[in-house]
Amino acid sequence: VKIFQQKFRLFGIGRILGFTVDLVLNSVSRSVSLEDEEDCSIERFTEVNESIECVFQEYSKSFSNHIIRDSAWLEWRYMRSARGRHQILGLRESGQLTAVVILKEERVMGNPSCVVMDFAYTNGKMNSLLYLLQNICRNPKVIGFNYNLVYISGLSPVLSNLRRLGFVRIPKFANPRVLNLVTRSSNKMPEEGLAQKDNWLVTLGDWDVF
């Protein structure tokens, strides 16, 4: 909404467009709730620990094609990255870490943005990830910086559920960074497995351009 307000300030058009877009997004989104929200909390992590690694490894087991997201790779890719500041947020329920997201402060089309670089959740806890993302969208104080846009992309079945939170798919002609995944099979890997989209786990962190 703030992006529309910035682009169209003349004669108050920005406020009108922003208000209209806000109404549309709110009408198509619905709140995600958990069974016991009083016993859950959002935590910020400064390093990759064993519990974070376990969440990523459990989530990756649902896919046959993915990068191995162990603690060494996660530390190298995000916490020691020279490509910008990254933050790790996790949702803890009844003492157990159930969902994790890795965020990056970025500018997209000149607007301050929150980019979801990576994500994972434990078995059967998709709603926990959606609940965590919902809190990030509604409350920038959770991550400590302001933004007008939350951007996420990749290959994962959970992404189709983001419409519940008011996310809108960007058309290809308007996408500032179109990414194409090209694969080649080896003798040990059957080609039919590569052609199935649901066999892949790909997040923005897998691309070297971010």
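The values are calculated or read from the model by the stated rules, or taken from the named source; none is laboratory data. Keep in mind it's a predicted model, so treat the numbers as computed, not measured. Ideal geometry is used to build each Cβ from the backbone, glycine not excepted, and the neighbour counts take in all protein chains shown. Heads up: the accessible areas ignore ligands, DNA and RNA and are worked out on the full protein's heavy atoms, side chains in. Shrake-Rupley method; radii C 1.70, N 1.55, O 1.52, S 1.80 Å.
Quick one: is LYS125 of a type outside the set (A, V, I, L, M) and without any contact (Cβ under 8 Å) to a residue 24 or more places away in the chain?
Judged against the criteria, LYS125 is not a match.
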Checklist line | Pairs, first outside any helix (DSSP H, G or I) in region 190-210, second aliphatic (A, V, I, L, M) and modelled with pLDDT of 75 or more, C-beta under 6 Å, six or more apart | finding: TRP200/LEU155; VAL202/LEU155; PHE210/LEU204
Next item on the list: Return the total of residues in region 102-111 being within 13 Å of ASN146 (Cα to Cα) and open to solvent by 40 Å² or more (accessible area, probe 1.4 Å).
Entry: 3
Check: Just wondering, is there one or more residues in region 141-159 that are open to solvent by less than 20 Å² (accessible area, probe 1.4 Å), under 22 Å from SER62 (Cβ atoms) and in contact with a Lys or Arg (Cβ under 7 Å, 6 or more places away or on another chain)?
Finding: no
Next item on the list: Considering every residue within region 60-68, establish whether at least one is open to solvent by 40 Å² or more (accessible area, probe 1.4 Å), of a type in the set (Val, Ile, Thr) and at pLDDT below 50.
Entry: no
Next item on the list: For region 66-79, indicate whether the set of residues that are touching a Leu at 6+ places or on another chain (Cβ under 7 Å) and touching a residue at least 60 places away in the same chain (Cβ under 8 Å) is non-empty.
Entry: yes
